[in-house]
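Each remark here refers to the structure printed beneath this line.
The values are calculated or read from the model by the stated rules, or taken from the named source; none is laboratory data. Predicted model, so just to flag it, every value in this text is computed and none were measured. All Cβ positions, glycine included, derive from the backbone under ideal geometry; neighbour counts span all protein chains shown.
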Amino acid sequence: SVAKPWGGRFTAENDQLAEEFGASISFDQEMAYEDLQGSLAHVQMLAHTKILPAADAKQISNGLKTLMQQLKQGKLTFDTQYEDIHMNLEVLLTKEIGPVAGKLHTARSRNDQVATDLHLYLKNRLPEIQKALFQLRQTIVTKAAANVTTLMPGYTHLQHAQPISYAHYLLAYYQMFKRDAERLAFNQQHIDISPLGAAALAGTTFPIDRTYSAELLGFSKIYENSLDAVSDRDFVLEFLSNISILMMHLSRFCEEIVLWCSYEFNYISLSDAYSTGSSIMPQKKNPDMAELIRGKSGRVYGHLLGLLTTLKGLPLAYNKDLQEDKESVFDTVKTILPSLKVFNGMLATLTLNKAKLSHATEHDFSNATELADYLAAKGLPFREAHRLVGELVLKGIKEKRSLQDFSLTELQQQSPLIQNDVYQALKPEVAVKRRNSAGGTGFTQIKRQLTIAQAELAQA
Ligand code: ARG
């Protein structure tokens, strides 16, 4: 036999490169705390069910607690020859308390152990992600409340479409981030299931109490099927896809920030705290943070696609391929947290060039729909009104005049339905104010959206 925890049926050592290739300790030490947490619950369950004598269990528990202390103090060192975090901690526990450590693995396999660790890892990190997302939603609502009457061009096809309120624009993102939070909360339900006790794949002959260890770990349920418990990574895929969608939302927002602080748009300025300069061009102030968040969305999508591909051909139950599930999760957590926090700071500190924003709505023909609606409200079929206004727009473009620059006589030549009140209707703030259909950009609608959003944030 060889000196490995599983060395009994072996007569020769592993090839050095094969050993290094198979080892996951370089990255799965990220869940060392969760592994100890899981082991502690497992051994308490073994004592509770009298599978282990109380004295042995006590010794093991104390040993695990010592390792937890040492981990916190950065005193634990791991070794590639022990492959992964599970084996490394078992070896360290043996060094700490002697051969009784070998009883910890009774009625357990690394397969349910690693699945438990990953559930715990996400369970432990989700609240921090939700908190950062919540703070971003708060920033959005605060900024929206301060900008109900700030006007900006609304776009379709990146062409000026109709004037809107800047608050309306911000609250659109509020809704997306709210759904992101809801998706994560739903994901939490699938993270919150304990695989511990599924053992290698088929359960165990020992009279274990899976509900007991699940409760100790704060899981609200146990997996009903042991094969499923050790094979399932759906909860990880859900997490990666939820974070991909969240990153996509951040990325769209970032794209607008990058555009809007360009010389051509000049709608916003970023705080120096969230900008960088150029090593050669002294005038430069670059929106690096927005670009980087936009860029990082790509790597999170990559993690999702990578794991989907890893899983697609795997027969039940455990396969070593599953070891590839972890780095993507760790990296996604390490990407989303700073992305949310940096984005939040960048948004909270950016300033609006209100004059430029509202000026952009004044001579851009984005009040053309207003004139068409005006005529339709006076009984002209909308299609006809549309054509008529289109002709006026064409004339305006040729003569470099906006719709409101035409005299009443000129307008009446186009349609006798037009009266002097048309000039009021053509003002961007009036156009915005009057869009009071449910969910529209009208000021009363925005205040309604704001009240609901504020209540949602106050409730949480
Ligand atoms: N390091 C392994 C992983 O991450 C732990 C589980 C190993 N189980 C096994 N039967 N080889 O998946």
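Set side by side, the residues Asp288, Asp321, Asp272 differ, and just one is over 19 Å from Leu184 (Cβ atoms), surrounded by fewer than 19 Cβ atoms within 10 Å (Cβ to Cβ) and in contact with a Leu (Cβ under 7 Å, 6 or more places away or on another chain), which is Asp321.
Give me a count of the residues in region 73-91 that are part of a helix (DSSP H, G or I) and either within 23 Å of Lys50 (Cα to Cα) or more than 16 Å from the ligand (Cβ to nearest atom) (or both).
The qualifying residues number 1.
Here Ala290 fulfils each of the conditions (1) away from the ligand (no atom under 16 Å from the Cβ); (2) aliphatic (A, V, I, L, M); (3) more than 16 Å from the chain's Cα centre (by Cα) apart from (3). For Leu67, the test of being away from the ligand (no atom under 16 Å from the Cβ), buried (at least 18 other Cβ atoms within 10 Å of the Cβ) and closer than 20 Å to Leu196 by Cβ is passed. Residues in region 156-206 that are surrounded by fewer than 22 Cβ atoms within 10 Å (Cβ to Cβ) and hydroxyl-bearing (Ser, Thr, Tyr): 5 in all. Does region 71-83 contain any residue that is of a type in the set (Lys, Arg), outside the structural domain of Asp209 (by TED's automatic domain parsing) and within 37 Å of the chain's Cα centre (by Cα)? Yes, the conditions are met somewhere in region 71-83.
Going by what's in this entry, would Leu388 be described as among the aliphatic types (A, V, I, L, M) and within 16 Å of the ligand (Cβ to nearest atom)? Answer is no for this residue. Look at Arg125 and say whether it is outside the structural domain of Arg434 (by TED's automatic domain parsing), in contact with a Lys or Arg (Cβ under 9 Å, 6 or more places away or on another chain) and part of a helix (DSSP H, G or I). Spelling it out, it is not the case that Arg125 is outside the structural domain of Arg434 (by TED's automatic domain parsing), in contact with a Lys or Arg (Cβ under 9 Å, 6 or more places away or on another chain) and part of a helix (DSSP H, G or I). Within region 416-452, restricting attention to residues that are part of a loop (DSSP other than H, G, I, E, B) and in contact with an Asp or Glu (Cβ under 9 Å, 6 or more places away or on another chain), the residue that is surrounded by the fewest Cβ atoms within 10 Å (Cβ to Cβ) is Arg434. For region 101-109, the criterion of being part of a helix (DSSP H, G or I) and crowded, with 20+ Cβ neighbours inside 10 Å is met by at least one residue. Looking across region 2-22, the residues that are over 12 Å from Thr80 (Cα atoms) and hydrophobic (A, V, I, L, M, F, W, C) come down to Val2, Ala3, Trp6, Phe10, Ala12. Of all residues in region 356-407, those that are in a helix (DSSP H, G or I) and among the hydroxyl-bearing types (Ser, Thr, Tyr) total 3.
Residues to consider are Glu238, Glu215, Glu264; find the one that is surrounded by 15 or more Cβ atoms within 10 Å (Cβ to Cβ) and without any contact (Cβ under 8 Å) to a residue 40 or more places away in the chain.
When all the criteria are applied, what remains is Glu215.
The residue that is nearest to Ala146 (Cα to Cα), counting only those in region 339-380 that are surrounded by fewer than 16 Cβ atoms within 10 Å (Cβ to Cβ) and without any contact (Cβ under 8 Å) to a residue 60 or more places away in the chain, is Ala355.
Looking across region 324-338 at every residue that is away from the ligand (no atom under 13 Å from the Cβ) and without any contact (Cβ under 8 Å) to a residue 24 or more places away in the chain, the one that is surrounded by the most Cβ atoms within 10 Å (Cβ to Cβ) is identified as Pro338. When Thr351, Thr369 are checked against the criterion of being closer than 24 Å to Ser165 by Cα, away from the ligand (no atom under 16 Å from the Cβ), at pLDDT 95 or above and hydroxyl-bearing (Ser, Thr, Tyr), a single residue qualifies: Thr351. Scan region 106-156 for residues that are hydrophobic (A, V, I, L, M, F, W, C), without any contact (Cβ under 8 Å) to a residue 40 or more places away in the chain and within 16 Å of the ligand (Cβ to nearest atom) and the total you get is 0.
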